[in-house]
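So the structure is just underneath, and the comments pick up after that.
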Amino acid sequence: MIMQTKLHPALIAIASLIFLILIAPLFIILGAAVSDTPFLTFPPQGFTLKWFSNIFQIEAFRTTAITSLQIAFLGTFLALLIGIPAAYALNRFKIRLPSWLSNVFVLPILVPEIVLGFSLMKNITIGLQLPVYTTLLLGHTLLALPYAVRVVGASLASFDFSIEEAAISLGCPPLKTFLTVVLPNISAGVVAAFILAFITSINDVSISLFLTGPGVSTLPIQILAHMEQFFDPTIASVSVLLMLLTVGVMAIVEATLGLTFLTK
Amino acid sequence: MTVSLTLENVSAHYGSTQVLKDLTLAVAAGELVSLLGASGCGKTTTLRLVAGFLQPSSGTIRLGDRDLTRLPAHQRDIGLVFQNYALFPHLSVRDNVSFGLKQRGADAAERKKRADRMLERVGLSSFADRMPAALSGGQKQRVALARALVIEPPLLMFDEPLSNLDAKLRVDMRVEIRRLQRANGTTSLYVTHDQEEAFSISDRVAIMNAGRIMQLDTPEVLYQRPANSFVARFVGFENLIDMTVVERLGETVTARTKDGALLQLSQERLGAIPDRFILAARPDGLAVARDGNGIPVTLGIRTYLGRAYQYQCAAEGQSYLGNGSLSEPLDTGDRAVLSPVPEQCCILPADV
Ligand SMILES: Nc1ncnc2c1ncn2[C@@H]1O[C@H](COP(=O)(O)OP(=O)(O)O)[C@@H](O)[C@H]1O
Ligand SMILES: [Mg+2]
């Protein structure tokens, strides 16, 4: 059955306006990135791709991009490694666990990132004298953890645990049951958690601001640093690349799983 | 290799609440025993203890000569059929059925052969490559049955396997379950809250109440000779009349109801009668007549049952349900007497 409802003109107008507000910055950045001027400007004057090639000539962009990707992958991976079992336990033993326990895993989102970053720097980097890279990874793992627990948890909430018992009764040991029966049925949640956490990590500024140090920096921090010295369209072109990365990840998800599960 | 299942003095707790109280139960080799009782009486808990998903707080569970009590669930070798089917959503019907074989190290060819043969036995050969989501409820339960049977377990357990199916299918499926269980001679424990289902499918039925087995017997015995007032009420003895013996003359006993009516009962026909007892009668075990010996009552609403009229009867402080003949209809408000039909009545020990 197809529902045909006439949309109110005002609704169309408001929806269009919101859409425009959402999409406009993307076009402004895209425009600014190709402007043939030594400073950020919009609308673009002229057309050039030299700012894109400029990114690759600046060593710092390359090294920080690599660090950003490493940290995002590793941090998200670690967060899932902790978060999936945590989410599993929270759902499996729901009745036996105190109700506040699941909220503990959302704390990293509730605590302002600035505070989290500062406290990690003070206590881990300075206090424990751990390498900058390790602390940065730790910070991003914390950043990703709430997504891992919450999104995987949402998948597990609709998982019927009698399926697990069926597998065990058929002779499958518990750990193997988790890997071969539970995990395949929550894979959409795991992928969703990975993507959300990964994107959050790769775009993060606040925590990284405190946890980067000599020789170790992330791309967003490098963008900031670059902007303080040069107000040129290089920043816009890096942003475009970051956007493309995000869109690319989303496109892969859309193609393989469908985006709808992100909103489920 | 049919074996017996025994539970000895098994107790179970959830936290500090005890849900099974010293449960003792023996299922003979090849027998199908049902646990029957209202929701919350501990049927599922019993099954989960045997399956190994719960640990008893005391007691032992044995399957043949194996002590299961401390054995991990995955080593117990028990076929389970769940109410909600619990099929693996990510596996095809065939892979669902061969899952247990895979755990037992059967090779791919062997698995396929045995799974397909099993699917044929439950009439699902043409569905082997489907995913569970594309099956109807009845088909899903057949797959679940095939999955449990294919590992040829020494014990099969069912937890309300038919509750999610519609009435017609329920009857078909229970015949099917019984047929397969008989053919394999697999010892089985079957949980249901449906009396008709339990009585039709089982060799013996355990009627449970609040974590205890009230009586374990064949359906015939349960239906005709309940051992206590709980079971009697459960199988439809709607009249449970507290009585006290006032006189014994040979085999004839005179007993009094709480409100003073006297009944003469024959021990030859009813069996030994203790001094205090409960006379249990279904409506057709209390004959309603205009006069004669019996409990005097005032008639209430009359219902037509086809083979008889049924009357709600009120005596002082007590109400009864009795049947009267079609040839002599009585009216609401009439005075009448109720006399027990010995063949339809039971003598039960008085409740303490
Ligand atoms: N996980 C649990 N935690 C606490 N109490 C439970 C749990 N499962 C069942 N119970 C309680 O134990 C009793 C028996 O439950 P159950 O065995 O499921 O009954 P049945 O299967 O006969 O309906 C019920 O009173 C129920 O409330
Ligand atoms: Mg139950």
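For the range B:301-333, a tally of residues being touching a Phe, Trp or Tyr at 6+ places or on another chain (Cβ under 9 Å) and surrounded by 15 or more Cβ atoms within 10 Å (Cβ to Cβ) returns 11. Applying the selection to the range A:128-141, what residues are open to solvent by 50 Å² or more (accessible area, probe 1.4 Å) and either within 17 Å of the chain's Cα centre (by Cα) or small (G, A, S) (or both)? A:L138 - this is the single residue of the range A:128-141 that is open to solvent by 50 Å² or more (accessible area, probe 1.4 Å) and either within 17 Å of the chain's Cα centre (by Cα) or small (G, A, S) (or both). With respect to being farther than 22 Å from A:L196 by Cβ and open to solvent by less than 50 Å² (accessible area, probe 1.4 Å), A:S155 falls outside the description. One residue alone among A:A154, A:A192, A:A166 is more than 14 Å from chain B (Cβ to nearest Cβ) and more than 17 Å from the chain's Cα centre (by Cα), and that residue is A:A154. Against the test of being more than 16 Å from ligand 1 (Cβ to nearest atom), more than 15 Å from A:T200 (Cα to Cα), surrounded by 15 or more Cβ atoms within 10 Å (Cβ to Cβ) and modelled with pLDDT of 85 or more, the options A:F77, A:F105, A:F118 yield a single qualifying residue, A:F118.
Scanning the range B:45-56 for residues that are open to solvent by 40 Å² or more (accessible area, probe 1.4 Å) and away from ligand 2 (no atom under 16 Å from the Cβ) gives a single hit, B:Q55. Apart from one condition, B:V221 fits all of (1) out of contact with any strand residue (DSSP E or B) (no Cβ under 8 Å at 6 or more places or on another chain); (2) of a type in the set (V, I, T); (3) modelled with pLDDT under 95; the exception is (3).
When each of A:I29, A:I23, A:I18 is tested for being open to solvent by 40 Å² or more (accessible area, probe 1.4 Å), touching a Phe, Trp or Tyr at 6+ places or on another chain (Cβ under 9 Å) and among the β-branched types (V, I, T), the lone residue that passes is A:I29.
Does any residue of the range B:71-81 turn out to be more than 14 Å from chain A (Cβ to nearest Cβ) and either open to solvent by less than 30 Å² (accessible area, probe 1.4 Å) or among the charged types (D, E, K, R) (or both)? Walk me through how you get there before you give the answer.
To start, the set of residues in the range B:71-81 that are more than 14 Å from chain A (Cβ to nearest Cβ) comprises none.
No - not one qualifying residue is present in the range B:71-81.
Select from the range B:82-96 the residues that are under 32 Å from the mean Cα position of the chain (by Cα) and at the interface with chain A (Cβ under 10 Å from one of its Cβ atoms) and list them in ascending order. If the condition is that a residue be under 32 Å from the mean Cα position of the chain (by Cα) and at the interface with chain A (Cβ under 10 Å from one of its Cβ atoms), then B:F82, B:Q83, B:N84, B:Y85, B:A86, B:L87, B:F88, B:P89, B:N96 are the ones that fit. From the list B:R170, B:R174, B:R142, B:R114, the one residue that fits, being within 30 Å of B:L5 (Cα to Cα), within 14 Å of another protein chain (Cβ to nearest Cβ) and either in a helix (DSSP H, G or I) or within 23 Å of the chain's Cα centre (by Cα) (or both), is B:R114.
Between A:I124, A:I84, the distinction of being surrounded by fewer than 20 Cβ atoms within 10 Å (Cβ to Cβ) and part of a helix (DSSP H, G or I) belongs to A:I124 only. When A:D204 is tested against (1) open to solvent by less than 30 Å² (accessible area, probe 1.4 Å); (2) closer than 30 Å to B:N84 by Cα; (3) among the charged types (D, E, K, R), just one condition goes unmet, and that condition is (2).
Go through the range B:268-297 and give me each residue that's open to solvent by 50 Å² or more (accessible area, probe 1.4 Å) and either in contact (Cβ under 8 Å) with a residue 24 or more places away in the chain or of a type in the set (S, T, N, Q) (or both). Before you say what the answer is, go through the steps one by one.
Keep residues of the range B:268-297 that are open to solvent by 50 Å² or more (accessible area, probe 1.4 Å), which gives B:268-269, B:272, B:274-276, B:284, B:290-293, B:296.
Once the filter is applied, which keeps residues that are open to solvent by 50 Å² or more (accessible area, probe 1.4 Å) and either in contact (Cβ under 8 Å) with a residue 24 or more places away in the chain or of a type in the set (S, T, N, Q) (or both), the range B:268-297 yields B:R269, B:A272, B:P274, B:D275, B:R276, B:D284, B:R290, B:D291, B:G292, B:N293, B:P296.
Has the range B:32-43 got any residue that is within 14 Å of chain A (Cβ to nearest Cβ), more than 10 Å from ligand 1 (Cβ to nearest atom) and either of a type in the set (S, T, N, Q) or within 20 Å of B:S202 (Cβ to Cβ) (or both)? Checked against the condition, which is being within 14 Å of chain A (Cβ to nearest Cβ), more than 10 Å from ligand 1 (Cβ to nearest atom) and either of a type in the set (S, T, N, Q) or within 20 Å of B:S202 (Cβ to Cβ) (or both), the range B:32-43 yields no hits at all. Criterion applied to A:V182, A:V191 was being hydrophobic (A, V, I, L, M, F, W, C), over 20 Å from B:R104 (Cβ atoms), open to solvent by 40 Å² or more (accessible area, probe 1.4 Å) and in contact (Cβ under 8 Å) with a residue 12 or more places away in the chain, and the one residue passing it is A:V191.
Quick one: would you say B:L5 is touching a residue at least 24 places away in the same chain (Cβ under 8 Å), open to solvent by less than 20 Å² (accessible area, probe 1.4 Å), aliphatic (A, V, I, L, M) and away from ligand 1 (no atom under 16 Å from the Cβ)? It would help to see each step written out before you state the result.
On the way: touching a residue at least 24 places away in the same chain (Cβ under 8 Å): yes; open to solvent by less than 20 Å² (accessible area, probe 1.4 Å): yes; aliphatic (A, V, I, L, M): yes; away from ligand 1 (no atom under 16 Å from the Cβ): yes.
So B:L5 passes the test.
Being within 14 Å of chain A (Cβ to nearest Cβ) and within 16 Å of ligand 2 (Cβ to nearest atom) is the filter here, so list the residues in the range B:145-167 that pass it. First the steps, then the outcome.
Initial filter on the range B:145-167 (within 14 Å of chain A (Cβ to nearest Cβ)): B:145-161, B:163-164.
B:M157, B:F158, B:D159, B:E160, B:P161, B:S163, B:N164, listed by residue number.
Restricting the range B:57-66 to residues that are open to solvent by 10 Å² or more (accessible area, probe 1.4 Å) and not polar (S, T, N, Q), which is nearest to ligand 2 (Cβ to nearest atom)? First the steps, then the outcome.
Just the residues of the range B:57-66 that are open to solvent by 10 Å² or more (accessible area, probe 1.4 Å), to begin with: B:57-60, B:62, B:64-66.
Right, trim to not polar (S, T, N, Q) and you get B:59, B:62, B:64-66.
Numbers: B:G59: 20, B:R62: 23, B:G64: 26, B:D65: 29, B:R66: 26 Å.
For the range B:57-66, the residue satisfying everything is B:G59.
Residues in the range B:8-44 that are of a type in the set (V, I, T) and open to solvent by less than 60 Å² (accessible area, probe 1.4 Å) were compared, and the one that is nearest to ligand 2 (Cβ to nearest atom) is B:T44.
The values are calculated or read from the model by the stated rules, or taken from the named source; none is laboratory data. These numbers come from a predicted model, not from an experiment. We place every Cβ from the backbone using ideal geometry, glycine too, and count neighbours over all the protein chains shown. Side chains are part of the model used for accessible areas, which takes the heavy atoms of the whole protein and leaves out ligands, DNA and RNA. Shrake-Rupley method; radii C 1.70, N 1.55, O 1.52, S 1.80 Å.
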